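The values are calculated or read from the model by the stated rules, or taken from the named source; none is laboratory data. Quick caveat, the model's predicted, so the values are computed rather than measured. All Cβ positions, even for glycine, are placed from backbone atoms using ideal geometry, and neighbour counts span all protein chains on display.
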Amino acid sequence: MTRGRGLLHILVSCAVSAGCAVGRQIELGHAGARAVESSMSGTGAAGDSDHSTPATTTPVGSVEAPMPVPVVIDETKDLGLTSAEVERLIAGGPPGALRWLYPYDGTVFPRDLRSPALMWEGDVATDVVYVRIKSRAFEYKTILKPMIGSGKVFWTDPKHPQLRLPQAIWDTAGQQSFGKDDPFTIELSTRVNGVVAGPIVTRFHIATASIKGSIYYTSYSSTLLGGSGIAGNYGSLLRIPPKGTAEVALPGSLAGAGTCGGCHSVAANAARMLSQSMSLNPQVMPQAWSYQLDPSSGAVGMATPATIYAPIAALYPDGSKYLTGSLRGDPRLAGTGSPLVMPAYAVIAFTYNTIPKDAALYDATTLQAIPNTGIPPGALMPAFSPDGTRLVFNDLAISTAHGLAIMDYDTARDKATGYRELLREDPPVGASPSPYEPGWRPGWPAILPDNKAVVFVRTDSLDFTSTSSSNFSPSTWGADADPNRQTLTDRVKKLLKSSDMHIVDVATGKVTVLAKAMGFNTPPDFAGENTYLPFGENDTHHNYYPTVSPVAAGGYFWVFFDSLRNFGNLGLVRQLWGTAIDIRRDGQYTTDVSHPPFYVEGQEFGTENHRAFAALEVCKPNGQACSTGIDCCQGFCSAPSDAGSAGARGTCSAPPANGCANRDERCAQTADCCDSANYCINGFCAFVPLL
């Protein structure tokens, strides 16, 4: 098969090519910035960044997009300031009390997200702000008026100024990114009552690909249905389409007035969704519902009643079957009347006096139970791997839900085999067996797309999420709360339990904390409580429900989670976050492979959002428009003839005759991939950089 060209050949080609001239620059004013989105759309199937890389690019080794033509955008004169005022802002002054709040230093963003907010701690009297963003092939300079108290905010207002970059500028920055080897630097200076302060500086990266598909999540106080707060809508399922904003996928009242929808699962290919509806009346039995998603829009189709109780079941990647978790709890508590030690969804089940049940596998079409699967009866919080060949779960049989197990799974035979204890969190010697002192337990496991590691939370919570404050609402704070909602009161601290994300290497069983994703630069910093987060301990140890995007993008895997922390200067709230995970070429995940996280743009702010699933769009047959092969049922997307123009898209097509697979095209093994920097991961060729 044809492999990628060597790095030496590329460098020689660039040396004699005018298209690789690093000294070229494009000066654009405000009008030019608006046109950037179309003029820099790239050379591949636009709309997806794996193909729309800048200038002439051939991924080689650890360099994914070598030598794009630099772009410089200068908008410093567009606000109407005098030349002297502009020069004074650019010159800067002492930083004073200025400090960055968001984005975090070192954050890795996926390409093609909505433009992020820039937030810092500063004076409310700030009248203008100078911003300079620079990378190897991109520079943007502007002077803007800050936003103060603007935007849809539910129970707090920003007490400090913030900015949001123009979307076209952010898109262009992403198109000009080299990825891992190309940090962007943001410098920011402010003017308050004529006095200039700054610049303060932070750094970030933009991956050279977008996350595929939509994000589905639960919100317990969404206002999109016209209500306000928990009493209005209860739980609803929302969807954030690519580069879009939250829209209702399933209203909480679908099963009748006063019902709460939530405890959802979404198949990796977005073919099916499960949701549990519950009434606030304990006399009304809960009901699980199965939905097929619309192939064209990703919207929810007709509902089919599933089992009476199937909360947060593990959907097989193609949506053809689902595995319900055990509803059994700690056998030592049988007949005591004490709450059961089990995931939050099962604690809710206890309220309905349901009979404890074993884990069970169901056919999603016939809704019939599948017998003799080999899956242990005490499997809790199960999850299939993105390729469907593995199954991971917390096993009630391991020291009463103190361990994770992993098994091989054969979907053709509906058999799980090769049971292996992945890790065990034994309670400390002499610890009380009471569920109120459970010690550390692993929960909510998710397998990376290469099957080499499992992400999970390590928690001392009874319900594996946050015990007394699962839906962390403003009513929890009380009259003694910080008026800026930035610090936790002592009373609230006592209510909350710790929940921290870790990763376990499947081959060795070694467990490593995902320190950077949670606010610590290194695992030793995590152990010593030395956080980089601006509000200290108020922002740490409250990270829940990790899930993994089913395919790699831009040299990373992508993990989503909900976290109670300050979002910039908007206060403490439980929202959705994402973190980039380095892909290990050697398959060894024995170090911290995470990065500082990014806020998931497009979600409602302040609405207590939970468990984000990044699910691919339903695949398209040949002949339909596509951005990459991942969009297509056969896994191949032909490049359009107008690939360099804005909005250009390819067409789903048959595999090339006797050819190799490009990035994001279907593969069975790494040898199928054209480029030596690509690895076959979960059925698609994915770029894997050198670390």
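Given the criteria buried (at least 22 other Cβ atoms within 10 Å of the Cβ) and assigned to a loop (DSSP other than H, G, I, E, B), does residue 658 qualify?
Taking the combined requirement at face value, the residue does not satisfy it.
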Next item on the list: Among the residues of segment 413-425, write down those that are outside any loop (DSSP other than H, G, I, E, B) and either of a type in the set (Lys, Arg) or outside the structural domain of residue 509 (by TED's automatic domain parsing) (or both).
Entry: 415, 420, 424
Item checked: Candidate set: segment 444-481, residues that are at pLDDT 80 or above, closer than 24 Å to residue 396 by Cα and among the charged types (D, E, K, R); chosen: the one surrounded by the fewest Cβ atoms within 10 Å (Cβ to Cβ) -> 460
Next item on the list: Would you check which residues across segment 551-580 are more than 30 Å from residue 492 (Cα to Cα) and assigned to a loop (DSSP other than H, G, I, E, B) and list them?
Entry: 551, 552, 554, 555
Check: surrounded by fewer than 19 Cβ atoms within 10 Å (Cβ to Cβ), at pLDDT below 95 and part of a helix (DSSP H, G or I) - does that describe any residue in segment 110-133?
Finding: no
Next item on the list: Considering each residue of segment 386-395, count those that are under 20 Å from residue 502 (Cβ atoms) and outside any strand (DSSP E or B), and give that number.
Entry: 1
Notebook entry, point to check: Among the residues of segment 622-634, is any in contact with a strand residue (DSSP E or B) (Cβ under 9 Å, 6 or more places away or on another chain), over 30 Å from residue 223 (Cα atoms) and among the β-branched types (Val, Ile, Thr)?
Noted result: yes
Item checked: Qualifying residues in segment 598-645 (those that are at pLDDT below 85, of a type in the set (S, T, N, Q) and outside the structural domain of residue 243 (by TED's automatic domain parsing)) - the one farthest from residue 224 (Cα to Cα) -> 641
Next item on the list: Would you be able to say whether some residue in segment 58-76 is over 32 Å from the mean Cα position of the chain (by Cα) and either at pLDDT below 90 or under 25 Å from residue 674 (Cβ atoms) (or both)?
Entry: no
Notebook entry, point to check: When you scan segment 486-550 for helices (runs of 4 or more DSSP H) that lie fully inside it, which ones turn up with 2 or more residues that are closer than 17 Å to residue 564 by Cα and not aliphatic (A, V, I, L, M)?
Noted result: 490-495
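Determine, yes or no, whether residue 376 is modelled with pLDDT of 95 or more, closer than 17 Å to residue 423 by Cα and part of a loop (DSSP other than H, G, I, E, B). Break it down stepwise before answering.
Numbers: modelled with pLDDT of 95 or more: yes; closer than 17 Å to residue 423 by Cα: yes; part of a loop (DSSP other than H, G, I, E, B): yes.
It is true that residue 376 is modelled with pLDDT of 95 or more, closer than 17 Å to residue 423 by Cα and part of a loop (DSSP other than H, G, I, E, B).
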Next item on the list: Considering every residue within segment 555-574, establish whether at least one is crowded, with 23+ Cβ neighbours inside 10 Å, under 20 Å from residue 101 (Cβ atoms), touching a Gly at 6+ places or on another chain (Cβ under 6 Å) and not assigned by TED's automatic domain parsing to the domain that holds residue 102.
Entry: yes
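So which residues in segment 396-412 are closer than 23 Å to residue 456 by Cα, hydrophobic (A, V, I, L, M, F, W, C) and in a loop (DSSP other than H, G, I, E, B), if there are any at all?
Result: 396, 397, 398, 401.
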Check: If you scan segment 185-197, which residues turn out to be closer than 23 Å to residue 105 by Cβ and either over 35 Å from the mean Cα position of the chain (by Cα) or buried (at least 22 other Cβ atoms within 10 Å of the Cβ) (or both)?
Finding: 188, 189, 190, 196
Next item on the list: Confirm whether residue 138 is at pLDDT 95 or above and closer than 25 Å to residue 518 by Cα.
Entry: no
Next item on the list: Kindly provide the set of residues from segment 78-97 that are under 33 Å from the mean Cα position of the chain (by Cα) and at pLDDT 90 or above, ordered by number.
Entry: none
